[in-house]
1. For a quick check of your reading of the filter: which trypsin sites (Lys or Arg not before Pro) in the range 16-56 sit in a DSSP loop and have no more than 10 other Cβ atoms within 10 Å?
2. Using Cα centres only, tell me the gap between the range 45-71 and the range 14-37 in whole Å.
3. Just to be sure I understand the model, the point goes 7 Å from the Cα along the line to the Cβ. What's the resulting Thr15 to Gln58 distance in nm?
Amino acid sequence: MATGTMSTEEVNGLTQDQVETLELNFNKGNKYPDPTTLLLIAAEVGLTEEQTEKWFKQRLAQWRQSEGLPSKCGSVRD
């Protein structure tokens, strides 16, 4: 598995195919999907919108931490 990706254990029972599809969308610059895109990704991987949104929030926090940024978005002063 590539460095900086979430393991299957970390994403609570998702299949490897689901994780790969989610990672692909995340890594192609779609770190903040709009509601329509989130719905399309959820349908593609067979998850609810809520599950997909949760995955993106967790993955974004992990990515921000790996970049040395605060895990939550805030002002530049954080």
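Values in this text are rule-based calculations from the coordinates and carry no lab data. Treat the numbers as computed from the prediction; the structure is a model and nothing was measured. Every residue, glycine as well, gets a Cβ built from its backbone with ideal geometry; the counts of neighbours run over all protein chains shown.
1. Lys28
2. Spelled out, the Cα-based centre of one part sits 9 Å from the other.
3. Label-label distance for Thr15 and Gln58, simple model: 1.8 nm.
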